[in-house]
Amino acid sequence: MTSPQDTPERTIGQLVADATHDVSTIVRSEIALAKAEITADVKKAGTGAGMFAGAAFVGLLGLIFLFHTVVAVLDIWLPEWAAYLITTALLFAIAGILAMVGRSQLKRMKGKPERTIKNAEQTIDAIKGAS
């Protein structure tokens, strides 16, 4: 049996090398774990996005049938061409209103991250002041 006095002591270089290797292994395993978690989340997000796209398509089909129903109801009192004309004009009016609202929202967009720039400038000033 060997006693603690018989085993040679390791040098600081060997200890540092072992610690570096251990830290490197831990970091690599943490990165692998993060990749696995992200991959699982991306698969779930892809499935959800596909379901959402399918719902949007079916909703669009339902909207088309809704407008045909509006035409059929108007057709009770008006000729068919007039019912289609009124429904089409209504759709173009809604599209125009949505376009104007969207355009006004885009005009309000600043285009640059002002808070981030301000925070970065404050950080630089703080670093300059500390040195």
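The values are calculated or read from the model by the stated rules, or taken from the named source; none is laboratory data. Values in this document were obtained by computation on a predicted structure and should not be read as measured data. When we count neighbours, we look across all protein chains shown, and the Cβ atoms used for this are built from the backbone with ideal geometry, even at glycine. Protein only, heavy atoms only, side chains kept; ligands, DNA and RNA dropped before computing areas. Shrake-Rupley method; radii C 1.70, N 1.55, O 1.52, S 1.80 Å.
Given (1) outside any helix (DSSP H, G or I); (2) open to solvent by 90 Å² or more (accessible area, probe 1.4 Å), where does Gly111 come up short, assuming only one miss?
Of the numbered conditions (1) outside any helix (DSSP H, G or I); (2) open to solvent by 90 Å² or more (accessible area, probe 1.4 Å), the odd one out for Gly111 is (2).
Would you mind telling me which numbered condition in (1) surrounded by fewer than 10 Cβ atoms within 10 Å (Cβ to Cβ); (2) outside any helix (DSSP H, G or I) Gly13 fails?
Going through (1) surrounded by fewer than 10 Cβ atoms within 10 Å (Cβ to Cβ); (2) outside any helix (DSSP H, G or I) one by one, Gly13 breaks only (2).
Which residue is nearest to the chain's Cα centre (by Cα), if the candidates are limited to the stretch 59-71 and must be open to solvent by 60 Å² or more (accessible area, probe 1.4 Å) and hydrophobic (A, V, I, L, M, F, W, C)?
Going through the qualifying residues, I end up with Leu60.
Looking at the stretch 87-111, I want the residues that are under 26 Å from Ala72 (Cα atoms) and free of Cβ contacts under 8 Å to residues at least 60 places away in the same chain and have a partner that is surrounded by 10 or more Cβ atoms within 10 Å (Cβ to Cβ) and hydrophobic (A, V, I, L, M, F, W, C) with Cβ atoms under 6 Å, at least 6 apart or on another chain. Which pairs are those?
Thr87/Phe67; Thr87/Val70; Thr87/Val71
Name, by its number, the condition in (1) more than 33 Å from the chain's Cα centre (by Cα); (2) outside any helix (DSSP H, G or I) that does not hold for Leu90.
Failed condition: (2).
Which of the numbered conditions does Ala95 fail, given that it passes all the others? Conditions: (1) part of a helix (DSSP H, G or I); (2) open to solvent by 100 Å² or more (accessible area, probe 1.4 Å); (3) at pLDDT below 95.
(2)
Is there any pair with a first residue in the stretch 56-76 that is in contact (Cβ under 8 Å) with a residue 40 or more places away in the chain and a second that is open to solvent by 50 Å² or more (accessible area, probe 1.4 Å) and not β-branched (Val, Ile, Thr) whose Cβ atoms are under 8 Å apart and which are 6 or more apart or on different chains, and what are they?
Listed pairs, sorted by first residue: none to list.
Restricting to the stretch 73-88, name every residue that is open to solvent by 60 Å² or more (accessible area, probe 1.4 Å) and either on the phi > 0 side of the Ramachandran plot or among the hydrophobic types (A, V, I, L, M, F, W, C) (or both).
Val73, Ile76, Trp77, Leu78, Trp81, Leu85, Ile86 - these are the residues of the stretch 73-88 that are open to solvent by 60 Å² or more (accessible area, probe 1.4 Å) and either on the phi > 0 side of the Ramachandran plot or among the hydrophobic types (A, V, I, L, M, F, W, C) (or both).
Among the numbered conditions (1) in a helix (DSSP H, G or I); (2) modelled with pLDDT under 85; (3) open to solvent by less than 70 Å² (accessible area, probe 1.4 Å), tell me where Ala56 comes up short.
Going through (1) in a helix (DSSP H, G or I); (2) modelled with pLDDT under 85; (3) open to solvent by less than 70 Å² (accessible area, probe 1.4 Å) one by one, Ala56 breaks only (2).
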